[in-house]
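Colleague: What follows is a single structure, and I will ask about it in a moment.
Bear in mind that the values in this text are calculations on the coordinates, not laboratory data. Here the structure is a predicted model, which is why all the values come from computation and not from measurement. All Cβ positions, even for glycine, are placed from backbone atoms using ideal geometry, and neighbour counts span all protein chains on display.
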There are 2 protein chains.
Amino acid sequence: MPNGEFSLISRYFDRFPNARRDVVTGIGDDCALLAVPDKQWLAISTDTLVSGIHFLADIDPRDLACKALAVNLSDLAAMGADPAWLTLSLTLPEVNESWLEAFSDSLFERLSYYDMQLIGGDTTRGPLSMTLGIHGFVPVGRALRRSGAQPGDWIYVTGTLGDSAAGLAILQQKLQVCDSRQAEYLISRHLHPTPRILQGQALRGLASSAIDLSDGLASDLGHILKASGCGARIELSRLPLSGTLTACVSHEQALNWALAGGEDYELCFTVPERNRGALDVALGNLGVDWRCIGRITAAGGLNYSMDDKPVTVELKGYDHFTEQ
Amino acid sequence: MPNGEFSLISRYFDRFPNARRDVVTGIGDDCALLAVPDKQWLAISTDTLVSGIHFLADIDPRDLACKALAVNLSDLAAMGADPAWLTLSLTLPEVNESWLEAFSDSLFERLSYYDMQLIGGDTTRGPLSMTLGIHGFVPVGRALRRSGAQPGDWIYVTGTLGDSAAGLAILQQKLQVCDSRQAEYLISRHLHPTPRILQGQALRGLASSAIDLSDGLASDLGHILKASGCGARIELSRLPLSGTLTACVSHEQALNWALAGGEDYELCFTVPERNRGALDVALGNLGVDWRCIGRITAAGGLNYSMDDKPVTVELKGYDHFTEQ
């Protein structure tokens, strides 16, 4: 059977470097068969990345694999879930073996790091795009959600915001950064975001709500507010900006990207007053900063202050169907 | 937040017409949260459909939703699994509300029929394509697989073969059929294949192996043979051809499409001699014919006979990366 598609799939993706015991049957049958552990909920998310929309058409396939996985892992992190399995549906304009080798090597390296297993997928011909389906576990009743924020809760974010947008601007030659180490840092934050898996798990039982920052703080926090029926006030002077970002762009541009640049893949979460001490202990040894940036209010949508004085900000998140 | 994408998603896809009790959290958070029942394995499959490759660019969106779901359900059928949840990642070139309404109406009608729930997805802008992720349950240890066929087992298929390829040929104006009822039947078999969910479940404990026929009998049976380490002999005179197909094309063309036309979404399965009586009972009341078309052999690949005399057939299944 001169069946190029099947041999192509099996050559690059049918590897079992870290076979998990909960995978009864992986790649190679009509379905994967999985055994979900007792007392765990299954958390499922899916994200599509399209060439020219979600990544630059000339992206290095190693970077693309990294980023595609990180984007999906970030959704698990936002629920406090532990990653387990991945499905990959890859649409390719042609069979390019060096591209496939680089992409799959990078993907399996990342899967191994997270003790995940590729359990299935599909390879089709068409314009370059991919859809990842990610599956993880969270103990019954302990998942983080968007809907639990209460007036008075404090709003936090992990890491720094806006670096990814600056990195993209450099790649698109819209931003020139002379210091090559600074440029590399910002590009790396765009191409290799770190999903906050450990932080998400540490937040179980402490955070009243959580979301990952894919579209930008303003847009994503808006989802928490809508789901929770609350408002919020963000103190702009508290937004965590990296020294590199503030060295490379104006303060106004840095704030803009921090609020609406998107693709930071940090976590935004809310914590009741009584859990603030426990939060600092839980996140203390995980190697990434976290910062309180505002507070949940009873109503009034999303408002901003600068040095405690109300200010107006006109921003929006990334939206595929609206011109920016 | 003038956020067209999110309101678009929520308007058409955030419906709960048949909320399942095992869905803890459906659409609307970073992940769906699901409770897998005790003593069940989870069966997961994913398939991508690309415009111009897997469906004609001018396909009616109602037909497209039907077909996309059927293609994925067929993978569950081949494992003997019971359908439960769907994720839908939809890539659209533009926001076309009448298209979205027709597509989503048809999808939810089908989901309701199968007592399934849409639990998540993604909408992105790009060339029209979609990736469905389907999830079902099968009792622990009772899944059908490709790998269990033994020499001497009998090979069966459900329904009739080749109708779908004829329907596609009519749509592509490569085949002219004057009788409009005959044309409608064949087109319907292409656009609205019926996944053999009930048959798959009835085969648990009876069939030694199973697969669904997406690429064509020759190609798909080849997967069973490879996974089981066996050969097979198919008696061409036993292939189930519909009266409509044989009335519309030559016998040679009908056989060709039955073996390699693809997209029939019938089941092909193997049954040990001792289970043949029980098989006839199990499938007897499910409304679709089944037929024994050959036998598994110890080795020798896939061979054909016509009226018990060996014949040579040069055919291959559908392969996205090989010119047909």
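Colleague: Would you calculate a helix-derived [θ] at 222 nm for chain A, using -39,500 (n - 2.57) for each DSSP H run of n ≥ 4 and dividing by the full residue count, to the nearest 500?
Modeller: On the way: 10 runs with 109 residues, N = 324.
Roughly -10000 deg cm²/dmol at 222 nm, from the helical runs in chain A.
Colleague: Can you tell me, using C-alpha contacts under 8 Å and at least 6 residues apart, the relative contact order of chain B as a whole percent? Don't jump to the answer; show the numbers that get you there.
Modeller: Working: 700 pairs, mean separation 71.1, N = 324.
Across chain B, relative contact order equals 22 percent.
Colleague: Label position 7 Å from Cα toward Cβ: report the copy-to-copy distances for A:S98 in nm, one decimal, ordered from shortest.
Modeller: 4.9
Colleague: So what's the net charge close to A:G261: Lys and Arg +1, Asp and Glu -1, counting the other residues with Cβ under 10 Å from its Cβ?
Modeller: -4
Colleague: Highest GNM mean-square fluctuation, chain A, Cα pairs closer than 10 Å: which of A:P195, A:P272, A:P37?
Modeller: Looking only at A:P195, A:P272, A:P37, the largest GNM fluctuation is found for A:P37.
Colleague: I've got another one for you. What net charge is computed for the residues neighbouring A:D29, neighbours being all others with C-beta under 13 Å from the C-beta of A:D29, Lys and Arg scored +1, Asp and Glu -1?
Modeller: Counting the neighbours of A:D29, the net charge comes to -2.
Colleague: Shifting gears a bit: If you average the alpha carbon positions of the range A:17-61 and of the range A:144-192, how far apart do those two centres end up, in angstrom?
Modeller: 25 Å
Colleague: Continuing with the same structure: Please figure out what share of the DSSP beta bridges in the range B:4-139 is antiparallel and state it in percent, rounded to the nearest 5.
Modeller: 70 percent
Colleague: DSSP beta bridges in the protein assembly as shown, what fraction antiparallel, as a percent rounded to 5? Write out the running numbers ahead of the final one.
Modeller: Numbers: 90 of 118 bridges.
The antiparallel proportion sits near 75 percent.
Colleague: Same structure again: For the range A:4-139, state the average projected area of the convex hull of the C-alpha atoms over all orientations, rounded to one decimal in nm².
Modeller: 7.8 nm²
Colleague: What does the structure give for B:140-147 when I average, per residue, the other chain Cβ atoms found within 10 Å of the residue Cβ?
Modeller: The shielding value for this peptide is 3.
Colleague: Can you tally the net charge around B:L283? Count Lys and Arg as +1, Asp and Glu as -1, for every other residue whose Cβ sits under 15 Å from the Cβ of B:L283.
Modeller: +1
Colleague: So between B:V95 and B:L286, what do we pick up on full extension, going 0.36 nm a residue minus the alpha carbon distance? Spell out each step's value before the answer.
Modeller: Values: separation 191, 0.36 × 191 = 68.76 nm, distance 4.10 nm.
Contour length minus Cα-Cα distance gives 64.7 nm.
Colleague: Oh, and also: Convex hull over the Cα atoms of the protein assembly as shown, averaged projected area in nm²?
Modeller: Computed as one quarter of the Cα hull surface, the answer is 29.1 nm².
Colleague: Let me ask another. May I ask you to report, in nm to one decimal and beginning with the shortest, the distances from B:A57 to the same position in the other copies, taking label points 7 Å along Cα-to-Cβ?
Modeller: 1.7
Colleague: Could you grab the relative contact order for the range A:4-139? Cα pairs under 8 Å, six or more apart, rounded to a whole percent.
Modeller: 39 percent
Colleague: Which of the trypsin sites (Lys or Arg not before Pro) found in the range A:153-230 are loop residues per DSSP with 14 or fewer other Cβ atoms within 10 Å of their Cβ?
Modeller: Within the range A:153-230, the qualifying trypsin sites (Lys or Arg not before Pro) (loop, at most 14 other Cβ atoms within 10 Å) are A:K174.
Colleague: With chain A treated as a Gaussian network of Cα nodes joined by springs under 10 Å, which of A:L286, A:L221, A:L90 yields the largest mean-square fluctuation?
Modeller: Maximum fluctuation in the GNM of chain A, among the listed residues, is at A:L286.
Colleague: A further question on this structure: Could you please state, rounded to a whole Å, how far the C-alpha centre of the range A:214-289 is from the C-alpha centre of the range B:248-284?
Modeller: If we compute the Cα centre of each part, the gap is 58 Å.
Colleague: GNM on chain B, C-alpha springs below 10 Å: top fluctuator among B:Q117, B:Q182, B:Q150?
Modeller: B:Q182
Colleague: List the distances, in nm to one decimal, from the label point of B:G277 to the label points of the same position in every other copy, shortest first, placing each label point 7 Å from Cα along the Cα-to-Cβ direction.
Modeller: 7.6
Colleague: Beyond 26 Å between alpha-carbons counts as too far, so tell me which of A:K67/A:K226; A:K39/B:K226; B:K226/B:K309; A:K226/A:K309 fall in that bin.
Modeller: A:K67/A:K226; A:K39/B:K226
Colleague: Between the range A:290-305 and the range A:102-128, what's the alpha-carbon centroid distance in Å?
Modeller: With the range A:290-305 and the range A:102-128 each reduced to a Cα centre, they are spaced 39 Å.
Colleague: Please report, largest first and rounded to whole Å, the three semi-axes of the ellipsoid equivalent to the range A:154-311, where each semi-axis is the square root of five times an eigenvalue of the C-alpha gyration tensor. Please list the in-between numbers first.
Modeller: Values: eigenvalues 138, 66, 34 Å².
With the √(5λ) rule applied to the range A:154-311, the semi-axes are 26, 18, 13 Å.
Colleague: When the scattering of the range A:120-229 is computed by the Debye formula from its Cα atoms alone, each counted once and equally, what is log10 I(q)/I(0) at q = 0.14, 0.16, 0.23 Å⁻¹?
Modeller: -0.81, -0.95, -1.23
Colleague: Moving to a separate point now. Please work out the Cα convex hull volume for chain B and give it in Å³ per residue.
Modeller: 145 Å³
Colleague: How high is the relative contact order of the range B:154-311? Use alpha-carbon pairs under 8 Å, at least six apart in sequence, and give a whole percent.
Modeller: Averaging sequence separation for qualifying contacts and normalising by length gives 43 percent for the range B:154-311.
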